[in-house]
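No value in this document is a laboratory result; all are computed from the given coordinates. The structure presented is a predicted model; accordingly, all values stated were derived computationally and were not measured. Quick reminder, even Gly has a Cβ in these numbers, built from the backbone with ideal geometry, and neighbours come from all protein chains shown.
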Amino acid sequence: MITTKKIRVLIVDDSAIVRKLVTESLSHDPQIEVVGTAIDPYVARDKILSLKPDVLTLDIEMPRMDGITFLKILMKHHPMPIIILSSLTQSGSMRALEAMQSGAVDVLGKPSSSYSIGELGSVLAEKVKAAAVARISRLAKPEASETAVTEAPPSRVISKQIHYPRQVILLGASTGGTEALKEVLTRLPDNLPGICIVQHIPAYFSKAFADRLNNICAMEVREAVDGDRVKPGLALVAPGNYHMLLQWHVDQYWVHLKQGPPVWHQRPAVDVLFNSASDCAKEHAVAALFTGMGRDGAEGMLKLKQAGAQTIAQNEETCVVFGMPRAAIELGAADHVLPLLEIPQALVNLSAVASQRMKNKSAV
């Protein structure tokens with residue numbers, strides 16, 4: 001991203017070591033300027049007003065006020081892009097996802113003695129750049145106490161179609177994607193073809209993300225394990241720090257996980273999944289690309305389309321960051337460009353079309 005104005009970042013963390021590491025990591029990027037640090041939300045409040053940062057990095061566990069409480073206050077009174085830095089633990093992962101539900105743009109594991117500072121710098125810098133252009137209005141959530149009635153669970157799309165083992169659904173997302181995927185998956189029935197999901201998310205957080213979806217979706221959702229079979233009624237989420245590939249063997253799909261080099265600064269990368277599916281799933285696949293910074297997934301989606309798959313890109317108006325879908329649209333990779341809440345019905349309809357096509361072929 002080329003810009004003449006540096007992105008101003010304020011780091012909020014009670015650990016002096018973390019503040020130092022994050023500052024040093026971001027200082028290597030010429031497009032980013034760390035304008036200040038704060039040891040807790042009370043200090044941060046004053047520095048936000050005086051320094052006017054574009055992006056905040058925020059710890060969750062802090063004295064005097066925890067990060068999630070501060071996040072909710074900010075999103076209500078002073079909405080701004082916030083990246084959560086959380087400990088790489090089950091508890092930290094769950095709280096980080098709670099923060100994203102409350103309006104945080106993204107999440108990253110906190111640096112430690114075993115964490116590569118070089119990798120931290122490149123990953124965090126990319127997240128800061130994505131956060132700086134994010135549509136915060138798409139992330140901010142009203143407080144439950146301010147809502148007149150409790151929000152009803154979303155209505156699920158109905159599918160009575162019988163699907164074939166060769167069919168598969170592929171979903172890719174990045175910044176803003178955890179909530180976008182939740183909106184889509186909670187509206188899907190439990191009898192669709194198997195689903196493979198790549199969300200740009202750190203290690204440890206992907207399991208918490210999958211577990212959360214599993215509790216609110218009709219289908220089973222879980223973090224993928226190498227060798228998992230892809231089957232109807234199951235959605236597999238690529239683990240953080242592992243690429244996920246789709247393979248066909250004898251009479252079923254299964255997933256292969258590998259660590260390999262990051263693609264577009266990401267591991268898992270959407271392009272890795274889409275490229276593998278273009279070889280084995282071809283016209284039997286339906287793929288959708290959601291909100292996110294950069295170009296990951298666009299080239300893989302083009303290969304899928306050229307192989308006969310049906311492809312969907314989320315439209316600009318409903319994206320938190322219109323980067324990955326935009327790249328796919330510009331390449332001519334998207335058959336359909338749709339608002340987020342129209343995508344569940346489209347996935348059902350396009351899967352039914354593919355199923356009918358296979359039924360007609362088998363009848364010949």
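Side notes on the structure shown:
- Exposure proxy ranking for Y242, Y164, Y42, based on other Cβ atoms within 10 angstrom of each Cβ and starting from the fewest, stands as Y42, Y164, Y242.
- Between M65 and S137, the contour length at 0.36 nm per residue exceeds the alpha carbon distance by 23.5 nm.
- Selected from G297, G177, G233 as most flexible by GNM, with the chain as the system and alpha-carbon contacts under 10 Å: G233
- Beta bridges per DSSP, both residues in segment 232-364: antiparallel share near 50 percent.
- In the calculated pair-distance distribution of segment 7-141, the portion above 22 angstrom amounts to 27 percent of the Cα-Cα pairs.
- Here the extension length gained between Y42 and I216 equals 59.1 nm, from 0.36 nm per residue of separation less the Cα-Cα distance.
- On the basis of the beta-carbon distance and an R0 of 41 Å, K231 and L49 show a calculated FRET efficiency of 0.15.
- Pairwise label distance in nanometres, N349 with H265, each label 7 Å out on the Cα-Cβ vector: 3.6
- Computed over segment 168-363: relative contact order in percent, which uses C-alpha pairs under 8 Å that are six or more apart: 20
- Taking the DSSP beta bridges with both ends in the chain, the antiparallel portion is around 20 percent.
- Pair D190, H78: separation of 7 Å Cα→Cβ label points (nm): 4.6
- Simple point charges give the picture: +1 on the Cβ of Lys and Arg, -1 on the Cβ of Asp and Glu, and for segment 7-141 a dipole about the Cα centre of about 480 debye.
- The residues C280, C217, C196, when put in order of fewest to most other Cβ atoms within 10 Å, stand as C280, C217, C196.
- Rg and Dmax over the alpha-carbon atoms of segment 184-318 stand at 13.9, 42 Å.
- Annotated for segment 7-141: lysine pairs at least 8 residues apart or interchain, Cα distance under 23 Å, count 26.
- Globularity index of the chain, i.e. its alpha-carbon radius of gyration over 2.2 N^0.38 Å: 0.99
- With at most 14 neighbouring Cβ atoms within 10 Å, loop GluC sites (Glu not before Pro) (DSSP) excluded, longest segment of the chain: 152-364
- Neighbour counts of C-beta atoms inside 10 Å place R45, R222 in the sequence R222, R45, starting with the fewest.
- Span-like helix criteria (full DSSP H runs; alpha carbon extent of at least 20 Å along the helix axis; mean Kyte-Doolittle hydropathy of at least -1.0) are satisfied in the chain by 117-132, 343-363.
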